[in-house]
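Asks: Got a structure for you, written out below as structure tokens; questions coming shortly.
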Amino acid sequence: MKKNVILLLGLLLCPALLPAQYQEATRGQQDEIVSKITRAAGDMETMQGDFMQVKELSFMDDKMMSEGKMYYKKANKIRWEYTKPYKYVFSMDGQQVRMTSGDKTSTAPVRSNKMFGEISKVMIGGVSGSGLVGSPDFDARFMVGKDDYKVILTPKKKEIKDLFSSVQLYVGKTDNRIHSVELVEKSGDKTTITLKNVQVNTAISDDIFSN
């Protein structure tokens, strides 16, 4: 099970061509950004789309690239389905975590494993904003760019600090939704995921999160 967690972290989260110039947000802008992201997350019942990903290892020049499909539904349901260059699925129906690689599937109850609980919060918050922005579990720094906001979250809880030194969210100004997430690990490894072809509030069957 531990190997599967490490594999998931290695898989999760491609750098896009993100704006390089950001300015520190004023207090008023910070409050506005939190409000916009929170409102957008509250209005979002479901989300699905494609993703592109790059994993950058601190000891390698090459980057590990992959892609797949993502599904999210309120009440802590999420599915990451990797399709290239390999097939791997991480899904959670709110109660059970399921990881499938090839013909092997591992399952575990979310409540019995603190690490899974924290990972699920980061994953769900990383696509919806829910539970991350404005959370007391993170110190937040807000930056304003030309077309987006950058929110740098530094974890305070040990379970998250042991995994990530920061979680960075890139939020579009036009829709106030997260378009890209960057996870920086304690080792210096970095993983970024960029969402594409996103559909919001379309019907998604519950079955997809339990298979």
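The values are calculated or read from the model by the stated rules, or taken from the named source; none is laboratory data. What you are looking at is a predicted structure, and each value in this text was computed from that prediction instead of being measured. Here the Cβ positions follow ideal geometry from the backbone for every residue, glycine too, while neighbour counts run over all protein chains shown. To get the accessible areas, we keep the full protein, side chains included, count just its heavy atoms, and leave off ligands, DNA and RNA. Shrake-Rupley method; radii C 1.70, N 1.55, O 1.52, S 1.80 Å.
Asks: Taking residue 162 as the residue in question, decide whether it is touching a Pro at 6+ places or on another chain (Cβ under 7 Å) and either closer than 15 Å to residue 25 by Cβ or not hydroxyl-bearing (Ser, Thr, Tyr) (or both).
Replies: no
Asks: Kindly provide the set of residues from the range 12-31 that are at pLDDT 90 or above and surrounded by 15 or more Cβ atoms within 10 Å (Cβ to Cβ), ordered by number. If you could, list the steps in order and put the result at the bottom.
Replies: Quick first cut of the range 12-31, residues at pLDDT 90 or above only: 22-31.
Within the range 12-31, 22, 25, 29, 30 meet the criteria.
Asks: Next up: Filter the range 59-84 down to the residues that are within 22 Å of residue 41 (Cα to Cα) and surrounded by fewer than 15 Cβ atoms within 10 Å (Cβ to Cβ) and list them by number.
Replies: 75
Asks: Another question, if that's okay. Part of a strand (DSSP E or B), farther than 30 Å from residue 174 by Cα and open to solvent by less than 80 Å² (accessible area, probe 1.4 Å), is that true of residue 54? Full working, then the answer.
Replies: Working: part of a strand (DSSP E or B): yes; farther than 30 Å from residue 174 by Cα: no; open to solvent by less than 80 Å² (accessible area, probe 1.4 Å): yes.
Against the criterion (part of a strand (DSSP E or B), farther than 30 Å from residue 174 by Cα and open to solvent by less than 80 Å² (accessible area, probe 1.4 Å)), residue 54 does not qualify.
Asks: Out of curiosity, is residue 7 open to solvent by less than 80 Å² (accessible area, probe 1.4 Å), modelled with pLDDT under 95 and not in a loop (DSSP other than H, G, I, E, B)?
Replies: Criteria met by residue 7.
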